[in-house]
Every structure is written in structure tokens, then in C-alpha cells.
Amino acid sequence: MSGLFDPIRIGHIDLAHRIVMAPLTRNRAGPRQVPTDLAVTYYEQRSNPETGAALIITEATQISPQGQGYLDTPGIYSAEQVAAWKKVTDAVHVHHGKIVVQLWHVGRISHTSLQPNGEAPLAPSAIQANTKTFTAKGFEPVSAPRALALEELPGIVEQYRVAARHAIEAGFDGVEIHAANGYLLDQFLRDKTNHRTDAYGGSIENRTRLLVEVVQAVVDEVGAERTGIRISPVTPANDISDSDPQALFNHVAEQLGRFNLLYVHVIEGATGGPRDNIPLDYAALRQRVNAPWMVNNGYDLPLAKSVLSQHGADLIAFGRPFISNPDLKSRLHDGVPLAEPDKDTFYGGGAKGYTDYPPFD
Ligand code: 8OZ
């Protein structure tokens, strides 16, 4: 029986235990979307597997300027960004920690003020999302997107490939493809947001095509043993939905199963909300993926232990608890109370609510 504190080997990575730091958007990147030295401190504080995460997944990181949808999120498309991320991975590796970078393209969840030359955000179809994003002016409705032309799709796949190459140059142990939460790859998957009539729209097979091409490109570039992926089959985040999520994600899981990926990371239920908003047979997905199964959304110690003991998962990703508990593993292990995170400092700002949460003493 595997427990939360038991080691596991995934891909080429030996993990000390099952506690993963989930990707967390913090909106503290510097000019030109470069991670700052404060980010080095933030990740380092959580990186020692003896006290913190066995594996860190970075905040969502855009693969291109068009991939950005929020103020002050970091990128991994410029040499300057890669050099800054190298400082992060070096600091994590000093503590024998492991870290992968989450590769992100927001698609339609963006604003013209965040796009190159003030252009429209990109999407599978020209359908505006009913949601807001965070810009220099505060919360604003996302802009109307334009549909990507068929000829542009190889360029998007290439951006993922190059970003994966950059990740290895920056010293990351691997990458996580962000295919969740209503961003570009998720927009292609769903019949609510994908109304295309070419080979990338219509049937489930067609809607899954871009995702499979991206996974193939990243796997070709860095190896399946360095490629993880995150999905959120039933989340309503960012105005996403599908008429048949079970059939869609059974197919997605089957396609992923061909690759023997580093892991598959699933958000159960509504991101950051109810875990049971729409019923889904997650076991049916897990059965198909041929990869370690990482679960996320509202986990605490009892739920994590119970799921692991019932063989319901291989890894548990904790998000908000890692914001306020850099030593989360020690606290869970020792039965010490967890500190509550301050919501007002989740997004944007400086050290306050970022690098000033102390370990338990
Ligand atoms: C919170 C705020 C902005 C972005 C996600 C990358 O939901 C995000 C995100 C979360 O995956």
C-alpha cells in the first residue's frame, strides 16, 4: 500500500514522496515577463523534499507573447527568461528538489492590451469568453478573439516544441503541458469553444488533434519521460464546457496512453471549487493513460491519505496550502496545523504573501 510519504519513481525522476506543489499563478514576473529573484526565493523555500515538495510544478508560463492573458505572468520564449528560470532551477536543485515548468498558451483568455501590437487574442473559433482577466487596469472582460487559420496551427505546435527545448536549457527536470482550465488546448477540445469545420474541429478525434500534435512535438523534443500534462475534464473555468466530457476525455486519455508520459495530472471537479460539480468516471481515464496519475483540487491530509491507500492516485498536488506553508510536507507529516493563505496577495505584489510565510518552528 502506498502512502503519502512513500517514494516513487516517475519517468527518470526519483521522488522522495507523493506531495507535489501544484502550478500557482502569482503575477509577479518582472519587465519583459522575466521571473525575478523573488521567484527564486519563493521556489527555493518550497523545494527541499525533506520539508516541502517532492516535485514543484511552476506557475503557468507562456510559450509566446500571444500566449499571455494576464498581467505579469512569466514566459519561456526569450533568452532572458530562460536565463532567469535557470536561477530558479539551480536553487531548487541545491536542495535536491525537482521542478517542471508548466507550458501555457491562454488562447482566447486574454486582452488586447496584453497582446503584441494590441491585436485580438487567438482561439479555435471567434467566440468571446464570458469571463474577466487581470490587466494593467484591473479586472476587465477578455477581448473578442479571432479564429486561428489552419496554416497557423503548425506554428503553435512549434512554439510548444521550442518552449520545451528552452525548459531543458533552463535546467528543468521536465515540462507540464497545460491542457486544462479553458485555455488554448482545452478550447480546442470542447465543442462549446471549438466550432471549426476543418480537421481540428467537429468530431472528438478532430478536436483532440492539436493536443496530440503538441504532445508529440514536446515528446520528440525532450522525451516522454520528461513530459507531463494537466487536464480538467469537468471544470467550468474560463467559460468552458463540453456536451460529453466522459467520451471526450476517454479519448484524450487513450491518446495520451500511447506516449508513456511522465505523469497525467487531473483537476477533479471545478478548479478551486466543488469536487463533484459534474460526475465523471476518473478511473476510466486513469486506466487508459499508462502513466503515473496525479490528482488535484481541495486535497487535505485525510483525503490524500484515503485516496492513496485506495490506490486512487500516485501523486497528490496541493496548491493553496503551498502558498502559506513552504514546509507543507513537514507539517502534514508531523500533524502540525497549516497556515491559511491571504487571498489578497495571491495575484500581484511583492514579497508580502509570497516569500514571507515562515516554516513552522
Ligand atoms: C488563476 C489566475 C490566473 C490564471 C489556471 C493559469 O487556472 C491559471 C490561472 C489561475 O490554470
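The values are calculated or read from the model by the stated rules, or taken from the named source; none is laboratory data. From a predicted model like this one, the values you see are computed outputs, not experimental measurements. Note that each Cβ is placed from the backbone with ideal geometry, even for glycine, and that neighbours are counted across all protein chains shown. Surface areas here come from the heavy atoms of the whole protein model, side chains and all, with no ligands, DNA or RNA. Shrake-Rupley method; radii C 1.70, N 1.55, O 1.52, S 1.80 Å.
Going residue by residue through the stretch 208-219, is there one that turns out to be within 22 Å of Gly67 (Cβ to Cβ) and touching a His at 6+ places or on another chain (Cβ under 7 Å)?
Taking every residue of the stretch 208-219 in turn, at least one turns out to be within 22 Å of Gly67 (Cβ to Cβ) and touching a His at 6+ places or on another chain (Cβ under 7 Å).
Within the stretch 68-96, which residues are under 25 Å from Thr51 (Cβ atoms) and either among the polar types (S, T, N, Q) or open to solvent by 50 Å² or more (accessible area, probe 1.4 Å) (or both)?
Correct list: Lys86, Lys87, Thr89, Asp90, His93, Val94, His95, His96.
In this structure, does Ala91 turn out to be more than 14 Å from the ligand (Cβ to nearest atom), in a helix (DSSP H, G or I), among the small types (Gly, Ala, Ser) and in contact with a helix residue (DSSP H, G or I) (Cβ under 7 Å, 6 or more places away or on another chain)?
yes
Here are some residues: Ala136, Ala144. Which one is of a type in the set (Gly, Ala, Ser) and open to solvent by less than 60 Å² (accessible area, probe 1.4 Å)?
Being of a type in the set (Gly, Ala, Ser) and open to solvent by less than 60 Å² (accessible area, probe 1.4 Å) holds for just one of Ala136, Ala144, which is Ala144.
Within the stretch 48-58, track down each residue that is away from the ligand (no atom under 16 Å from the Cβ) and in contact with a helix residue (DSSP H, G or I) (Cβ under 9 Å, 6 or more places away or on another chain).
Asn48, Pro49, Glu50, Thr51, Gly52, Ala53, Ala54
Can you find, within the stretch 28-47, the residue that is farthest from the ligand (Cβ to nearest atom) among those that are touching a strand residue (DSSP E or B) at 6+ places or on another chain (Cβ under 9 Å) and part of a helix (DSSP H, G or I)?
Here the residue is Arg32.
Which is among the small types (Gly, Ala, Ser), assigned to a helix (DSSP H, G or I) and open to solvent by 20 Å² or more (accessible area, probe 1.4 Å), of Ala199, Ala253, Ala247?
Among Ala199, Ala253, Ala247, only Ala247 is among the small types (Gly, Ala, Ser), assigned to a helix (DSSP H, G or I) and open to solvent by 20 Å² or more (accessible area, probe 1.4 Å).
If the Cβ limit is 7 Å and pairs must be 6+ apart or interchain, which residue in the stretch 163-188 that is modelled with pLDDT under 95 pairs with which residue that is in a helix (DSSP H, G or I) and of a type in the set (S, T, N, Q)?
Hits for this filter: zero, empty list.
Looking at Val218, Val234 in this structure, which one is in contact (Cβ under 8 Å) with a residue 40 or more places away in the chain, open to solvent by less than 10 Å² (accessible area, probe 1.4 Å) and either more than 24 Å from Gly155 (Cα to Cα) or of a type in the set (Gly, Ala, Ser) (or both)?
Unique residue meeting the criteria: Val234.
If Ala149 passes every condition in (1) within 16 Å of Pro74 (Cα to Cα); (2) surrounded by fewer than 18 Cβ atoms within 10 Å (Cβ to Cβ); (3) of a type in the set (Gly, Ala, Ser) but one, which one does it miss?
The number of the failed condition is (1).
Let me spell it out: the conditions are (1) in a strand (DSSP E or B); (2) away from the ligand (no atom under 16 Å from the Cβ); (3) within 30 Å of Ala129 (Cβ to Cβ); (4) not basic (Lys, Arg), and Thr61 meets all of them except one. Which number is the exception?
Only one criterion in (1) in a strand (DSSP E or B); (2) away from the ligand (no atom under 16 Å from the Cβ); (3) within 30 Å of Ala129 (Cβ to Cβ); (4) not basic (Lys, Arg) is unmet by Thr61, namely (2).
Which one of Leu328, Leu280 is in contact with a Gly (Cβ under 7 Å, 6 or more places away or on another chain) and buried (at least 17 other Cβ atoms within 10 Å of the Cβ)?
Result: Leu328 is the single residue among Leu328, Leu280 that is in contact with a Gly (Cβ under 7 Å, 6 or more places away or on another chain) and buried (at least 17 other Cβ atoms within 10 Å of the Cβ).
If you check Ile99 against the conditions, is it under 29 Å from Pro49 (Cβ atoms), open to solvent by less than 40 Å² (accessible area, probe 1.4 Å) and within 17 Å of the chain's Cα centre (by Cα)?
In short, yes.
Here is a check on your reading of the model: is Leu303 within 23 Å of Phe346 (Cβ to Cβ) and surrounded by fewer than 17 Cβ atoms within 10 Å (Cβ to Cβ)?
Criteria met by Leu303.
Being of a type in the set (Gly, Ala, Ser) and part of a loop (DSSP other than H, G, I, E, B) is the filter; apply it to the stretch 215-244 and report the residue that is farthest from Arg18 (Cα to Cα).
Ranking the candidates gives Ser243 first.
Residue by residue through the stretch 7-27, note down the ones that are more than 14 Å from Ile316 (Cβ to Cβ), part of a strand (DSSP E or B) and either open to solvent by 10 Å² or more (accessible area, probe 1.4 Å) or within 16 Å of the ligand (Cβ to nearest atom) (or both).
Listed by number, the residues that qualify are Arg9, Asp14.
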